[in-house]
């Protein structure tokens, strides 16, 4: 008869980079939640670092005022960056820009 391994001596496999585990209690039931960081979004290389930050915020549905407050800049600066972003994407509205960025993310 084959002998079973001594499970006390087995070590768990290393977790993938960034994997996090936590416990959550919902309606009295305790659940284990596993998460890991997503890769950075795929955005056009033609965008400046500031435009990339603004693009991600636009995808999150943030207003110019919200983006400006989070970045510590003026709302007018963000409006200019959104306009530049829209020009580079070849779209005429913020909603078209968000739709285009979402399509880029899925491809």
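The values are calculated or read from the model by the stated rules, or taken from the named source; none is laboratory data. Everything quoted here is computed from the prediction, not taken from an experiment. Positions of Cβ are backbone-derived with ideal geometry, glycine not excepted, and every protein chain shown enters the neighbour counts.
What the table shows:
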| read-out | value |
| --- | --- |
| Subset of the range 31-53 [closer than 30 Å to residue 90 by Cβ, assigned to a loop (DSSP other than H, G, I, E, B) and out of contact with any helix residue (DSSP H, G or I) (no Cβ under 7 Å at 6 or more places or on another chain)] | 38, 39, 40, 45, 48 |
| Failed item, numbered, when residue 66 is tested on (1) in a helix (DSSP H, G or I); (2) in contact with a helix residue (DSSP H, G or I) (Cβ under 7 Å, 6 or more places away or on another chain) | (2) |
| Residue match in the range 25-38 (condition: modelled with pLDDT under 95, exposed (fewer than 10 other Cβ atoms within 10 Å of the Cβ) and closer than 20 Å to residue 107 by Cα) | yes |
| Of all residues in the range 81-107 being without any contact (Cβ under 8 Å) to a residue 12 or more places away in the chain and surrounded by 15 or more Cβ atoms within 10 Å (Cβ to Cβ), the one that is nearest to residue 60 (Cα to Cα) | 100 |
